[in-house]
Each structure stands twice: as structure tokens, then as C-alpha cells.
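The values are calculated or read from the model by the stated rules, or taken from the named source; none is laboratory data. None of these values were measured; they are calculated from a predicted model. Note that each Cβ is placed from the backbone with ideal geometry, even for glycine, and that neighbours are counted across all protein chains shown. The accessibility values were calculated without ligands, DNA or RNA, using every heavy atom of the protein model including side chains. Shrake-Rupley method; radii C 1.70, N 1.55, O 1.52, S 1.80 Å.
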Amino acid sequence: MFLKKTNYICSRFVVLDNNNIYEIMYKLIFICLLFTAGVLMEIFAQNGEQIAMDSLSRIVNSPKIEQREKIKPMVELSLVFADEGDSLKAKELLNQARTLARKQKDSKYMVYVLNSELKNILDIYPRNITKIYKIIDSVYVAISKTADLEAQASGYDCIGYMKSITDLKYNFDDCFTAISLTEKLPESSPEKYVLLFNVYKTLFAENMRKGKTANTEKYLNEMYRTAEKTGNENNICLAINAKMYFTIHSPKDEKQITQNFESLERYISQNKTRLSSLNYLNSVTMLWVLYLTYPNIHYKELLKPHIEHCKKISGNNPKTKRMLLVLNFYDAYERKDYAKAIELCKEQVQIDKIANPNLVSNRYQDLFIVYTEAGQYQQASEAMAESMKYYKQSMNEQVEEQRQLAEVKFETEKKENALKLAQIRIVFLLVVAVLVICFLIVYFTKRHARIKLQKENAEQQRANAELQKENAEQQAKLMKYEKELTQKKLVASNMQIMKKNKTLEQITEKTNDREIKKLIKTDRASDKTYADYNRVFGEIHPEFFEFLQKRAAPKRLTTLELRYCAYIYMRKSNQELSEELNVSYNTVLSHKGTLKKRLKVDRKMSLDDFIQSFHPSQT
């Protein structure tokens, strides 16, 4: 086509003179350059995704790049293939990324892999909620094992997005955790504002769905701010689309709607070569919906070149193909080309039955509207019946999802309760262990102190015993010395008495003077020497006289009787007693007989044996 146009232009100028030839050539070259630039821009727009895929593929296949640095590109490439409809290639890349991630010490790589798994499984209908939440649990585990803030924030962001879609009662705590972690990243981090943009996008969508206008506007502003911070045209375009969506569902302000329409149209016009095909198609669809809602010939004129451009960039991506079908359907419906609209809508139904079963009911509703306006009421009735059929099916799937979610929450709550109970048990066991340890410490401390004290007491007692022994030995020596001294005094006293008695006896024998004899006899009877003897003997053997007095009780022995006993204990014979006491032999026998009775001595035992068998222990 381009060559035909060039030949035609050249033939028109061949008749001109040489003076104008250079000017014409310059104009021709300029036109060619403009045409070539336009063609290149179209090629770039069509192959932008392919260029991104090639770039990621070069990283993944490069032998110079470390294996761990290939994990994230593998994950991104698997998502690209999933969007292109090549599920086998996407699964193969994700498995390779998972294998590499498991070999790494840092679990941040596993976070990226699991995030990709969650995004892929979300597009599978009916959704397996149980599997989704098992993967979410795995993401939590991977997050807990890495110190990388970016990976943690990415994990919480993905979890928040998945829960916001599957759980109607979700409180967005993971989203807020992601924001808190992301804000700690340095400004130089390339992912900081990308992560914040994604989180605010989730919060905007959910607050919009729940009709919370104030929060929706708040997060829309944050979404727009962070999109500009990323410098990414696709993010900015999404933010403008969100603003447009919010305007449509807000109180009607035609001026604001027109401004937003022109703002979005101008942005995609200026950045059509830098926007992804899906993003561009989505933006054009948004503009077309706005045009159908608020018909305006100016809007339609602005949309025409965009619709033509969409036909060129749709490619083989199932999502972009579906978006193009939607655009063509709206275009045919607006032109009242009902046959074409019906054909396009049926194509959408076939695609959605595979890719988006939950939207099939809506497609049949569109068919019902077209059939009704076309006057084909039988087909309209059948379309409505199919719509109700798939609506019930969709509702049953949602009920099943909620049932699975309830089971997951129940199991989670059960695990949390079990964990709390286990923690309580651990705390209880720790308290018991601490108390036991404290008791053992106190017990063994006291025991050690007691043993130490016992040892000290034993040593003290031993020392005291040795001291007492020494004192006893000294005392015994002293007593022995005193006893020997007293014994000597006793012997001396006894010798003195014997000598005195012998002298008095000699005097008695030599004199015939009765008065003298009488005086000597009186002196013997009243002599205190006997009493002194008894006293000295008592000091030597104090327990002896005590024993005798107890045997003679209740009567008491006389001093003379005690002297008899003392002499007998000293093993004096009867003759020696007669001489020492200066009495006759028979008198001695008589006194001993009386003593035997008074001391209650057995008849078979002699008085001498009884007295001489005395031991101090008998007292």
C-alpha cells in the first residue's frame, strides 16, 4: 500500500522542471518519514507485550545471571503467559521458580512465587477457596521467615487483595499492614510506590463496592498520588479510569463527567504506545460505556480512532480479544445493527463460559435486551431463561465459595484456639517449672545451709567434746589428785586415831586410877576424830554414805555405824576393826550383825560382801 502511494506521487511530479525537483523530493522524504514513524508506532503498540516477554525471557535464559535473580522474572513471565492464555507455559515457569525458591535461604523468593500462584488460581472457576487459603497460609509462613520489607509488603498486599475478593466481611488488616511496611522502604526503592498503588487500588475498589463514599474518595486520591510517584503510564491510566468510574457512580455532574472523559481520552491518546493493550482497551471500553450512558456526538467522534486502534492491538491475548468483542458489541448495538450485536454477544458467551463463568448470566441479559429491541421475543425469552440458569449456577458457586470460606475460618479459628490452648499450657508448664525450680533452689539452698550448719555444729560439738574430754581429763586428774590427797589425809587421820588409841590404851593398862580411866573412856566416846574421819571419807566417796542411808531408811545410820561401813568398804578385818575402834572383838561382831539388819542385807550374803560390792552406779 505504501509503495503504491509513493509511485503515484512520483508520477504526478515527473513533468515538473528541474527547479522544483529538489523541493518536491524534500517534501516526499518528509512524508515518508512521517508515514514510517506512524507505522513504527503501530508496530510498537502491537508488540509492547511481546517486547516485555522477550526481555523477561532473556533474563530467565541468561547463563550469566544468578539463579536466585531469575526467580522474580520467571514469576512475572508466568503471569504474562497466563494472560496470553498459555497456561502450560505459565505453569512450567512457575514450577521452575518454585524449585529455585526452595533452594534459597531467604524465603522472600517463595513469597513472590506464592503471590503468583494466588493470582493464577483466582482466574479459575469455580474458585477453590480452600486451596486459596492454604496458599495464603503458606504466604504468611514465608513472610514470617524473611526480613525483606519489600517481600513482606508484597505478600500482605497480595493476601489483602485475595481476601477482599473472596471474603465479604474482610477488615483489610493485611492491606494496612502492607501500607505500614511499604512506608518503611526508602524513597529510592523502585517498588515502594508500586506496592502502595496496588494496596490503595484494592481499598478503593472494596470501599466503592460497599458504598463508603468518603473512604472511596480518600483512597482514590491516594491511588492517584502514588500512581504519579511510580511514573508508570499504566498505573496513571488505571487511576484516571478509577476516577471516571467513581464519577459515574457519584451524584450526576455533567461538567465533571465531561472533564473526566476528556482527561482519560487525552491521556490514552498521548500514551497509546506506552500503555498495555489490556489497559488501553479497558480505558476505551470505559469511555464507550460513558458515551452510552450520556450520549454525546463529541464523545463518539473522539472514540472512533481509538476503536480502530483497538482492532490493531488486540493480538492473541484472550483478555484483549474479549475486551475488543465488548467494544464491537457496544458499537453494533449503538448503530442498531442487532444481527451483528447478537453474533458478537454469542461469541462473548462462548468465551465467558470458559474464562469467566460468573459473567455468562450478564451476557445472556445483554442478548435479552438486543433480542427484545430487535423484536425477537421468543429468542429474548430463551436468553432470559439461560440468564436465570447461569445466574443460579453463579449464586450456587458463590454459596459454595462462602461455605468453603466458613470451613476455612472454622479450621483457622480451631487452630488458633488450639494454639492459644497450647500457649496457655506452655505458660502453665513454664510457671510450674519456674516454681519447681525456685522450690528446688530454695530447698537445696536450705539443705546446703542445713548441712553446712550441721557440719559446723558437728565440728563445734567435736571441738566441744574434745574440750570437755580435755576438761574431764584435767578434772579427773585434779579429782584423782584431791582424792589421793584426801586419802592420805584419811590414812593420816586413821593413823593418828590408832596412835592416840594405842597411847590411851597403854595409859589405861599402866594406871589404876579409876578417874583417869573414866576420863579416857569419856574422851573416846566424845572424840570428834571419828566425825572428821567420816567427813573425809564422805568427800572421797560421797555416794557411798548416800547409798547406805537409802538402804537404812526411814532411819538414819549413826556416825559410828557409818565408820564401821567405811572400814568394811576399805576391807578391814574384824580384828582390825576391834583395834581401830578400841572395842572388843565380840562388840565388832555384834555391831556388824545390827548393821546387816538395818541395811536389809540378804541372809545368804555377808555384810562385808554386800558393802564391798558397792558401785557408784547403784546410787
## Note on the structure
Selection over region 279-301 where residues are surrounded by fewer than 18 Cβ atoms within 10 Å (Cβ to Cβ) and of a type in the set (A, V, I, L, M) yields a count of 3
### Task
Kindly establish whether Tyr443 is surrounded by 10 or more Cβ atoms within 10 Å (Cβ to Cβ), in contact with a helix residue (DSSP H, G or I) (Cβ under 8 Å, 6 or more places away or on another chain) and part of a helix (DSSP H, G or I).
no
### Summary
Residue hits (region 124-169; open to solvent by less than 70 Å² (accessible area, probe 1.4 Å), in a loop (DSSP other than H, G, I, E, B) and over 25 Å from Glu92 (Cα atoms)) are Thr146, Asp148, Asp167
### Query
Are any of the residues in region 199-211 more than 28 Å from Tyr291 (Cα to Cα), aliphatic (A, V, I, L, M) and touching a helix residue (DSSP H, G or I) at 6+ places or on another chain (Cβ under 6 Å)?
yes
## Note on the structure
By residue number, the members of region 260-299 that are closer than 16 Å to Asn232 by Cα, part of a loop (DSSP other than H, G, I, E, B) and without any contact (Cβ under 8 Å) to a residue 12 or more places away in the chain are none
### Summary
Across region 177-193, the tally of residues that are surrounded by 20 or more Cβ atoms within 10 Å (Cβ to Cβ), closer than 17 Å to Gly231 by Cα and either at pLDDT 95 or above or among the hydroxyl-bearing types (Ser, Thr, Tyr) (or both) stands at 1
### Message
Between Asp331, Asp337, which is more than 20 Å from Glu262 (Cα to Cα) and either touching an Asp or Glu at 6+ places or on another chain (Cβ under 9 Å) or at pLDDT 85 or above (or both)?
### Response
Asp337
### Query
Can you find a residue in region 360-369 that is part of a helix (DSSP H, G or I), farther than 20 Å from Phe329 by Cβ and either open to solvent by less than 60 Å² (accessible area, probe 1.4 Å) or touching a Phe, Trp or Tyr at 6+ places or on another chain (Cβ under 9 Å) (or both)?
no
### Query
Does region 388-410 contain any residue that is under 21 Å from Tyr330 (Cα atoms) and out of contact with any Lys or Arg (no Cβ under 6 Å at 6 or more places or on another chain)?
no
### Task
Could you please find all residues in region 371-425 being closer than 30 Å to Lys336 by Cα and open to solvent by 80 Å² or more (accessible area, probe 1.4 Å)?
Glu373, Tyr377, Gln378, Glu382, Met388, Lys389, Tyr391
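Please work out if Lys218 is under 22 Å from Glu233 (Cα atoms) and either of a type in the set (Ser, Thr, Tyr) or without any contact (Cβ under 8 Å) to a residue 24 or more places away in the chain (or both).
Numbers: under 22 Å from Glu233 (Cα atoms): yes; either of a type in the set (Ser, Thr, Tyr) or without any contact (Cβ under 8 Å) to a residue 24 or more places away in the chain (or both): yes.
Judged against the criteria, Lys218 is a match.
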### Query
Is it the case that region 33-42 has a residue that's at pLDDT below 65, open to solvent by less than 80 Å² (accessible area, probe 1.4 Å) and closer than 23 Å to Arg322 by Cβ?
yes
## Note on the structure
Checking Lys336, Lys319, Lys353, Lys340 in turn, the sole residue that is among the charged types (D, E, K, R), within 48 Å of the chain's Cα centre (by Cα), within 25 Å of Pro305 (Cβ to Cβ) and open to solvent by 60 Å² or more (accessible area, probe 1.4 Å) turns out to be Lys319
### Message
Between Leu303, Leu287, Leu292, which is hydrophobic (A, V, I, L, M, F, W, C) and at pLDDT below 85?
### Response
Leu292
### Number of the exception - Ser250 against (1) assigned to a loop (DSSP other than H, G, I, E, B); (2) at pLDDT 85 or above
(2)
